[in-house]
Amino acid sequence: MMTRIGFIRHGETVWNAERRAQGQSDIPLNDQGRRQARCLAERLRTEPWDCLFSSDLSRAKETADIVAEAIGVPVRTDPRLREMHKGEIEGTTPEERIARWGEQWEKLPLGIEEERSIVGRGTSFLSELIESARGKNILAVSHGALIGLTVRSLIPHVNVDVYFHNTSITIVRYDGSKWDCELFNCAKHVQQ
């Protein structure tokens, strides 16, 4: 019995547009992000989705609410779908990070959540879904780092070292024994 999970990255925020590290700061969608979410909702309207989960951060939740209205299912929030905690770099631009900590800032202990913690949250969420929603088509609105790291942990041959577009959808499926990627980082719906 095939279970499909459509991971969606939230719509754009002001901090995305400014290239600021958001992490778990609760930054809402901007007007462009709302437009992207409406385009995504229009695309998903005719597809068979059974349930919808979202990170509890407002940018993901608002994206999910817009989609939920179009597909007619309620949104359930789960804090495990939150973005990686960015520690001291939250709210900073790349230029500000270099000015403050130097070119090698990524090698410094700045309180950024470790990858294994993010993967643990993502796989914990999926393990529960596989048990409770086997054979269903599930949407999960989340964040770029969580989506990428979780997908890489499930399907190592998928190259997730890319920029996840706002409101892109990545569909993975589980047949009861292995994971596969059906669609990756697709944002055709916003290229209008």
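The values are calculated or read from the model by the stated rules, or taken from the named source; none is laboratory data. Here the structure is a predicted model, which means the values were calculated and not measured. Every residue, glycine as well, gets a Cβ built from its backbone with ideal geometry; the counts of neighbours run over all protein chains shown. Just so you know, the surface numbers come from the protein's heavy atoms only, side chains and all, with ligands and any DNA or RNA stripped out. Shrake-Rupley method; radii C 1.70, N 1.55, O 1.52, S 1.80 Å.
A few comments on the model shown:
- Residue-level check: of (1) in contact (Cβ under 8 Å) with a residue 40 or more places away in the chain; (2) under 17 Å from the mean Cα position of the chain (by Cα), Val119 misses just (1).
- In the condition set (1) modelled with pLDDT under 95; (2) open to solvent by less than 20 Å² (accessible area, probe 1.4 Å), Glu131 is compliant with all but (2).
- The range 51-74, subset buried (at least 20 other Cβ atoms within 10 Å of the Cβ) and touching a helix residue (DSSP H, G or I) at 6+ places or on another chain (Cβ under 6 Å), residue nearest to Glu114 (Cα to Cα): Ser55
- Members of the range 95-105 that are open to solvent by 30 Å² or more (accessible area, probe 1.4 Å) and within 23 Å of Asn166 (Cβ to Cβ): Glu95, Glu96
- Within the range 17-72, the residues that satisfy the criterion of being out of contact with any strand residue (DSSP E or B) (no Cβ under 8 Å at 6 or more places or on another chain), more than 15 Å from Val190 (Cα to Cα) and not acidic (Asp, Glu) are Ala17, Arg19, Arg20, Ala21, Gly23, Gln24, Ser25, Thr46, Leu57, Ala70, Gly72.
- Some residue of the range 40-51 being under 23 Å from Gly11 (Cβ atoms), touching a Leu at 6+ places or on another chain (Cβ under 7 Å) and among the aliphatic types (A, V, I, L, M): no
- Subset of the range 149-185 (residues that are loosely packed, with under 15 Cβ neighbours inside 10 Å, closer than 27 Å to Thr13 by Cα and modelled with pLDDT of 95 or more): Leu183
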